[in-house]
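The values are calculated or read from the model by the stated rules, or taken from the named source; none is laboratory data. A quick note: this is a predicted structure, and the numbers were derived from the prediction, not measured. Using ideal geometry, Cβ is built from the backbone for each residue, glycine included, and neighbour counts are taken over all protein chains shown. Note: accessible area is taken over every heavy atom of the protein model, side chains too, but ligands, DNA and RNA are not part of it. Shrake-Rupley method; radii C 1.70, N 1.55, O 1.52, S 1.80 Å.
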Amino acid sequence: MLRKLVILFVVLLVLAIAGAGAGLYGFWYFGRGLPDYRQLADYEPPVMTRVHAGDGRLLAEYAIEKRVFVPLDAIPRRVRQAFLSAEDKAFYEHPGVNIMSILRAAVTNLKQVGTGRRPVGASTITQQVAKNFLLTNEVSITRKAKEAILALRIEQAFSKERILELYLNEIYLGQGSYGVAAAALNYFNKSLDELTTAEAAYLAALPKAPNNYHPTRKHEAAVERRNWVVGRLLEDGVITADEAARARAEPLVTATRAPTEYVSAPSFAEEVRRELADRYGEDNLYKGGLSVRTTLDPRLQEIADRVLRQGLRAYDRRHGWRGPLASLAAEGAPVPEDWARRMAERPREPGQGDWIQAVVLGLDKGGADIGLKGGGTGRLPLAELTWARRQISKNQTRGPGVKAPSDVLALGDVVLVEPVTERDRGQGKEPEKYPEGTYGLRQIPEIDGGLVALDPHTGRVLALSGGYAPERSEFNRATQAMRQPGSAFKPFIYLAALDKGFTPSTLILDAPFVIDQGPGLPKWKPGNYTKKFYGPSTMRLGIEKSRNLMTVRLAQTIGMDTVADYARRFGITDNLPEQLSMALGAGETTLLDLTTAYAMLVNGGRKIEPSLIDRIQDRDGKTVFRHDHRTCADCQAPFWMEQAVPRLPDNRPRLTDPASAYQVVSMLEGVVERGTGRRIRAVGKPLAGKTGTSNDSQDTWFVGFSPDLALGVYAGFDTPRTLGRREQGASVAAPVFRDFMAEALEGRPAIPFRIPPDIRLVRVDAATGMLARPGDKNVILEAFRPGSEPKGGEAVLEGDSDEAVTVPTAGTGGLY
């Protein structure tokens with residue numbers, strides 16, 4: 001008996017050694033060349049970057065795969081537990097491979113031999129992570145062995161929480177859903193924390209074969225499988241019997257994913273995309289899962305896009321008709337019978353917007369009959385054609401007036417039209433009603449432009465429009481176009497003079513000015529826009545009426561080095577040539593930079609940096625960028641206990657004396673009240689700003705502000721050429737500024753500009769700058785520093801010149 005026991009022991013020992021050897025050999029054999037599981041430590045699935053407007057609405061998404069990654073801590077317990085109960089009940093107990101599940105699966109598969117059924121698996125969640133990330137979907141013993149070895153290694157290297165997080169974010173659940181967050185949206189149009197127990201159970205039923213449990217095509221199988229998961233949850237003690245009963249009774253109803261609501265701001269979004277790519281690289285932009293909160297105000301952005309388009313169209317109509325888009329008929333030939341087919345084949349025109357393409361089918365004295373792309377016909381009355389005088393040169397001149405439709409159109413012409421219901425017959429007259437099917441002739445402007453609105457206290461860009469139509473050109477005229485600001489640069493010369501002791505009432509001689517530019521060069525003779533000279537005039541009048549000669553004389557006195565310093569200090573341009581012509585705005589800048597500079601006038605001379613982004617968070621919710629770097633310890637209180645309102649520190653550098661800044665603001669307010677910006681006065685709110693027109697009317701500007709909103713408008717051709725002899729900032733850009741401010745400030749109180757404490761307001765004659773006397777009518781309140789108010793006698797004003805300038809005065813000081 002003892003001998004038999006010894007033999008049995010030896011046999012068992014030999015078998016054990018052989019089994020161990022076979023196991024070790026299997027680990028060596030199948031473990032050769034396996035993928036490096038340690039790469040999972042740094043694995044971060046490609047996740048889309050989402051860019052949001054200031055109100056939280058979605059502005060743009062950038063991704064290669066539209067995947068949503070959710071940290072495990074953010075996945076609700078019921079969702080996690082549903083997958084554990086359905087897929088791997090012993091997940092937190094096994095070392096990566098569940099031996100008991102393997103034995104059960106082996107017995108089941110032996111019973112099914114010859115039945116043709118697919119073998120039953122026993123993969124743990126860890127094994128599924130190994131397969132999904134590191135192996136293929138091949139059905140074989142070799143792959144299962146590799147999967148098991150990798151699972152054991154993964155369990156040694158990573159925590160259970162990390163393995164479960166990878167699994168729940170990577171598992172494919174059908175309908176293009178990778179991960180539980182995407183599946184919750186695609187199946188139920190819900191976030192994870194909104195799912196019911198029944199819905200979480202259905203998602204947990206899908207990993208094995210999503211198509212076998214399709215909620216509509218295989219509804220009964222889907223409900224049965226869901227209820228099985230509910231039963232497992234009950235068995236595992238996750239839910240109560242009542243909760244299980246309610247979950248089983250709940251109908252399996254899916255919901256179409258709601259369409260994502262986007263804010264339309266293509267120029268703004270592209271500028272944000274460029275900044276993100278520069279800051280983090282293209283790879284992080286499209287795969288990094290950044291969450292970006294921008295400064296965009298959707299209401300102001302909609303106004304900006306609309307009024308800019310309206311302003312550019314208004315200019316374009318003033319300068320005539322450039323001709324049809326194309327023609328379907330040779331000159332003098334009839335319109336082809338297949339015009340409808342040929343129109344249907346025509347592509348949309350860049351910048352077409354809501355306008356409709358149409359072909360001229362007939363002409364008579366009263367108008368033109370048209371056929372519309374997409375079907376139908378309409379009528380173009382003569383009254384809707386009278387604006388379309390032929391443009392006869394690139395100098396924006398027009399031909400004779402339109403007296404008949406044939407002066408504008410010919411048979412077969414393809415044009416753009418827009419439905420119209422009435423015609424404006426002028427002030428005080430009732431509009432003329434049109435019959436149904438009436439259209440107006442339209443034309444896509446050649447001119448383009450930009451608009452920027454920002455918060456002058458923080459630099460947050462609230463609206464940015466880079467052109468008439470982004471689909472026509474990606475060129476952003478608000479941030480990329482380097483253009484001459486013309487007279488819009490003048491306020492900074494006046495600011496420099498005020499900082500040196502000049503006052504708004506200082507008299508400056510408006511008279512001919514000639515400079516010898518050197519051998520072989522002509523003499524430089526700047527002139528006013530009106531070609532006139534006005535004699536001694538106040539600085540205020542010089543800026544209100546945009547007097548060039550006064551500005552040049554002032555710049556010469558304070559020194560072009562000082563002017564260049566202020567241009568650099570306010571971010572207008574870093575390298576302004578120290579030449580007197582630069583005083584009239586010949587140095588190039590962008591609309592965003594100039595608008596930011598104006599914002600620093602109205603905020604009291606504090607430096608700000610324009611920003612399109614408030615905050616950036618990484619995929620884990622950690623803030624990696626903030627525009628506002630100020631700290632506020634008192635802002636962290638969890639409850640309101642009637643404590644004092646926290647006061648944030650103002651650490652913005654001071655660029656100029658706040659008194660000087662206010663004096664410029666006051667003078668720019670006069671531009672709107674009495675000067676070149678009088679069109680803006682119709683808004684009826686405190687506004688200030690300055691027109692700008694470059695040489696030959698190639699660039700037109702209006703830049704200004706209310707107390708809490710800075711706005712800049714630019715208009716011009718992308719390839720610079722004249723806008724026309726009579727066009728200037730006041731006629732092209734100012735109406736856009738006016739219309740934007742009228743809507744942006746509608747319903748808001750009329751807030752006056754803030755006056756710093758070291759300013760005295762004194763009644764003076766607006767024309768002479770002298771103290772006002774009883775009975776004077778042309779009287780304004782002028783801003784002075786204490787002690788600089790007008791006085792009698794002589795004034796001596798020192799500039800940067802070597803000698804003091806002594807001038808006869810009328811109590812205001814002067815420069816002659």
Boolean, THR438 is free of Cβ contacts under 8 Å to residues at least 60 places away in the same chain and either surrounded by 14 or more Cβ atoms within 10 Å (Cβ to Cβ) or out of contact with any Ser or Thr (no Cβ under 6 Å at 6 or more places or on another chain) (or both): no
Subset of the stretch 671-706 (residues that are crowded, with 24+ Cβ neighbours inside 10 Å and among the hydrophobic types (A, V, I, L, M, F, W, C)): VAL671, VAL672, ILE680, LEU687, ALA688, TRP701, PHE702, VAL703, PHE705
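Return yes when ALA597 is within 33 Å of the chain's Cα centre (by Cα), aliphatic (A, V, I, L, M) and over 30 Å from PHE753 (Cβ atoms) and no when it is not.
No.
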Among the candidates GLU147, GLU165, which residue alone is part of a helix (DSSP H, G or I), in contact with a helix residue (DSSP H, G or I) (Cβ under 6 Å, 6 or more places away or on another chain) and modelled with pLDDT of 85 or more? GLU165
Condition set acidic (Asp, Glu) and under 38 Å from the mean Cα position of the chain (by Cα), scope the stretch 330-379, selection farthest from VAL408 (Cα to Cα): answer is GLU345
Verdict on ARG472 being closer than 30 Å to PRO324 by Cβ, surrounded by fewer than 20 Cβ atoms within 10 Å (Cβ to Cβ) and touching a Gly at 6+ places or on another chain (Cβ under 7 Å): yes
For the stretch 241-252, how many residues meet the condition of being exposed (fewer than 11 other Cβ atoms within 10 Å of the Cβ) and either among the β-branched types (Val, Ile, Thr) or assigned to a helix (DSSP H, G or I) (or both)? 3
Selection status of ALA410, in a loop (DSSP other than H, G, I, E, B) and either at pLDDT 95 or above or not β-branched (Val, Ile, Thr) (or both): yes
Any idea how many residues of the stretch 253-272 are of a type in the set (Asp, Glu), buried (at least 19 other Cβ atoms within 10 Å of the Cβ) and assigned to a loop (DSSP other than H, G, I, E, B)? 0
Qualifying positions in the stretch 508-539 - touching a residue at least 24 places away in the same chain (Cβ under 8 Å), open to solvent by 10 Å² or more (accessible area, probe 1.4 Å) and under 45 Å from the mean Cα position of the chain (by Cα): TRP524, PRO526, TYR529
Residues of the stretch 681-694 being within 22 Å of VAL779 (Cβ to Cβ) and in contact (Cβ under 8 Å) with a residue 24 or more places away in the chain, in sequence order, are GLY684, PRO686, LEU687, ALA688
Which residue is least open to solvent (accessible area, probe 1.4 Å), if the candidates are limited to the stretch 575-632 and must be in a loop (DSSP other than H, G, I, E, B), acidic (Asp, Glu) and in contact (Cβ under 8 Å) with a residue 60 or more places away in the chain? ASP618
Sole exception among (1) crowded, with 17+ Cβ neighbours inside 10 Å; (2) at pLDDT 95 or above; (3) farther than 22 Å from VAL779 by Cβ; (4) not β-branched (Val, Ile, Thr) for LEU668, by number: (3)
Out of all the residues in the stretch 707-722, is one or more crowded, with 24+ Cβ neighbours inside 10 Å, in contact with a Leu (Cβ under 6 Å, 6 or more places away or on another chain) and of a type in the set (Gly, Ala, Ser)? yes
Of all residues in the stretch 564-574, which are in contact with an Asp or Glu (Cβ under 9 Å, 6 or more places away or on another chain), not in a loop (DSSP other than H, G, I, E, B) and not aliphatic (A, V, I, L, M)? TYR566, ARG568
In the stretch 385-396, is there at least one residue being open to solvent by less than 10 Å² (accessible area, probe 1.4 Å), part of a strand (DSSP E or B) and not hydroxyl-bearing (Ser, Thr, Tyr)? no
ALA478 fails exactly one of the following numbered conditions: (1) touching a residue at least 12 places away in the same chain (Cβ under 8 Å); (2) surrounded by fewer than 18 Cβ atoms within 10 Å (Cβ to Cβ); (3) not β-branched (Val, Ile, Thr). What is the number of that condition? (2)
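For (1) in a helix (DSSP H, G or I); (2) crowded, with 18+ Cβ neighbours inside 10 Å, each residue gets a yes or a no:
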{"residue": "ARG274", "(1), (2)": "yes, no"}
{"residue": "LEU285", "(1), (2)": "yes, yes"}
{"residue": "ARG293", "(1), (2)": "no, yes"}
{"residue": "LEU308", "(1), (2)": "yes, yes"}
{"residue": "LEU312", "(1), (2)": "yes, yes"}
{"residue": "GLY323", "(1), (2)": "no, no"}
{"residue": "ALA330", "(1), (2)": "no, no"}
{"residue": "ASP354", "(1), (2)": "no, no"}
Conditions (1) over 30 Å from VAL736 (Cβ atoms); (2) touching a residue at least 12 places away in the same chain (Cβ under 8 Å); (3) open to solvent by 50 Å² or more (accessible area, probe 1.4 Å); (4) in contact with a Ser or Thr (Cβ under 9 Å, 6 or more places away or on another chain): number failed by LEU234: (2)
